[in-house]
Amino acid sequence: MATIWLFGDNVDTDQIVPGRYAPYMNSEAELGKYPFIEARPEFAREVQPGDVIVAGKNFGCGSSREYAPRALRAVGVAAIIAPSFARIFFRNSLNLGLRLFETDIRDRVADRQEVELDLSRPGLLVAGEWLELPRPPGWLRQAWAEGGIVQYYLKYGRLPVEEGA
């Protein structure tokens with residue numbers, strides 16, 4: 001089981017991890033202590049590996065801080081579902097293997113609701129109802145399997161390609 005963490009529109013990287021908690025100000029090992037430390041303090045204490053963030057449009061806007069998606073990976077966020085993501089946050093997340101799904105399901109889930117996430121189909125089982133998520137392309141699933149584009153490249157010496165391409 002996973003827990004839904006519901007957020008609104010325009011969640012910026014300063015809300016995800018304020019600059020004063022950047023790894024170069026503290027330490028990389030402590031990065032998991034700081035996601036939403038000021039915007040939603042209970043998140044870092046209570047989030048569990050496999051939990052899911054459901055948010056509004058433009059998630060991850062603001063600066064290009066790569067440590068914002070790194071912090072969410074550090075606490076084990078399995079996926080973020082939002083109708084849109086800020087471009088740089090989206091790219092940093094691809095590089096790091098943080099699973100993003102572009103769709104709006106805010107009206108179908110509640111904050112702290114228990115769900116089952118199935119990344120193979122992909123979708124969420126919410127109170128007995130199946131919510132299908134957009135199926136990512138094959139190259140992206142390959143990158144996710146290795147922990148992101150960076151890890152894929154380090155392992156294979158090339159970027160993932162679409163099957164049949």
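Annotations for the structure displayed:
- Helix-only [θ]222 nm of the chain, DSSP H runs n ≥ 4, -39500 (n - 2.57) each, per residue, nearest 500: -7000 deg cm²/dmol
- Each label point was placed 7 Å from the Cα along the Cα-to-Cβ direction; for A22 and L159 their separation is 2.7 nm.
- Relative contact order computed over the chain (Cα-Cα under 8 Å; 6+ residues apart), in percent: 22
- Under DSSP loop assignment and at most 13 Cβ neighbours within 10 Å, longest trypsin sites (Lys or Arg not before Pro)-free interval of the chain: 1-111
- Extension gain from A29 to D107, taking 0.36 nm per residue of separation minus the Cα-Cα distance: 24.5 nm
- Low-density loop positions, GluC sites (Glu not before Pro), segment 78-165 - DSSP coil, at most 14 other Cβ in 10 Å: E162, E163
- Alpha-carbon centroids, segment 118-160 and segment 57-114: separation in whole Å: 14
- Within-11-Å neighbourhood charge of A127 [Cβ basis; K, R +1; D, E -1]: -2
- Taking the three principal axes of the alpha carbon atoms in the chain, the coordinate ranges are 46, 41, 25 Å, sorted in descending order.
- Assigned charges on the beta-carbon of Lys, Arg, Asp, Glu; the chain dipole about Cα centre (debye): 480
Here, each number is a calculation from the coordinates, and none is a lab measurement. Everything numeric in this text was worked out from a predicted model, so none of it was measured. Positions of Cβ are generated from backbone atoms using ideal geometry, with glycine treated the same way; all protein chains shown enter the neighbour counts.
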